[in-house]
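The values are calculated or read from the model by the stated rules, or taken from the named source; none is laboratory data. Everything numeric here is computed off the predicted structure, so don't read it as measured data. Every residue, glycine as well, gets a Cβ built from its backbone with ideal geometry; the counts of neighbours run over all protein chains shown.
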Amino acid sequence: MVEARFQPGDRVTVRNTAPLGHIRTPFYIRGHSGTIERLCGRFPNPEELAQMRDGLPALPLYRVRFLQREVWPDYRGSADDVLEVEIFQHWLE
Amino acid sequence: MGGLPAGPVERGEHDEARSYADWERRVDAMAVLMAAHHITVDERRRHIEQLPPEAYDRMSYYERWIVSLTQAMIQRGVITTDELGRKMEEVRKRG
């Protein structure tokens, strides 16, 4: 089993890279920093599934919370508004 | 869409947003069947994301699905491009 490296409350930064293939990590969130909200579980790696392989071992998937105003420079809502994105462990530092 | 500007959000549920044509229902059913044979949504998304942007914008939702299902079947050797081409020819002749 792949060990979960992060705990709820940990600050993390999403890696900013753009390899080929199907990537679940949205472009707009790459390079941004947020806080681990929870560990969602372990799931087969979708990047591998997309290439017709089994995606195993399953990887930890986290729900990560970002401040909207830090993600969108022109955000006009409340300063406390958050955005939550589910991101696999290998995309987090 | 994907962090880029897009049109207004369609707020209807998937099944009630509009009525679907029979071919669209068949494409949906085929995707479910192929998932049972381990052709994952991730694999289909890879094919959809490889569409050139202008093709992506021009195609309807289920037209993109057809491309992804067809690419997956060709890559996995379920059908050949020659079989596909001949079938398309045959269907076109039906008029």
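Details
- Meets criteria (part of a helix (DSSP H, G or I), out of contact with any Ser or Thr (no Cβ under 8 Å at 6 or more places or on another chain) and within 14 Å of another protein chain (Cβ to nearest Cβ)) for B:Ala72: yes
- Answer from B:Arg86, B:Arg26, B:Arg45, B:Arg92 - the residue that is within 14 Å of chain A (Cβ to nearest Cβ) and in a helix (DSSP H, G or I): B:Arg45
- Yes/no for B:Tyr62 being of a type in the set (Ser, Thr, Tyr), surrounded by 15 or more Cβ atoms within 10 Å (Cβ to Cβ) and not in a helix (DSSP H, G or I): no
- Region B:46-68, subset touching a helix residue (DSSP H, G or I) at 6+ places or on another chain (Cβ under 6 Å) and among the aliphatic types (A, V, I, L, M), residue nearest to A:Arg53 (Cα to Cα): B:Ile48
- In region A:5-32, the residue that is nearest to the other protein chains (Cβ to nearest Cβ) out of those that are of a type in the set (Ser, Thr, Tyr) and closer than 12 Å to A:Ile87 by Cα is A:Thr25.
- For region B:27-42, the condition of being touching a His at 6+ places or on another chain (Cβ under 8 Å) and under 18 Å from B:Ala6 (Cβ atoms) holds for none of the residues.
Each row is one residue, and each column tells you yes or no for (1) among the polar types (S, T, N, Q); (2) in contact with a strand residue (DSSP E or B) (Cβ under 6 Å, 6 or more places away or on another chain); (3) exposed (fewer than 11 other Cβ atoms within 10 Å of the Cβ); (4) at pLDDT below 95.
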position: B:Val9; (1), (2), (3), (4): no, no, yes, yes
position: B:Asp15; (1), (2), (3), (4): no, no, yes, yes
position: B:Arg18; (1), (2), (3), (4): no, no, yes, yes
position: B:His38; (1), (2), (3), (4): no, no, no, yes
position: B:Thr80; (1), (2), (3), (4): yes, no, no, no
position: B:Lys93; (1), (2), (3), (4): no, no, yes, no
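- Residue within region A:75-82 that is polar (S, T, N, Q) and free of Cβ contacts under 8 Å to residues at least 12 places away in the same chain present: yes
- Number of positions in region A:33-54 that are in contact with a Phe, Trp or Tyr (Cβ under 9 Å, 6 or more places away or on another chain), acidic (Asp, Glu) and at the interface with another protein chain (Cβ under 9 Å from one of its Cβ atoms): 1
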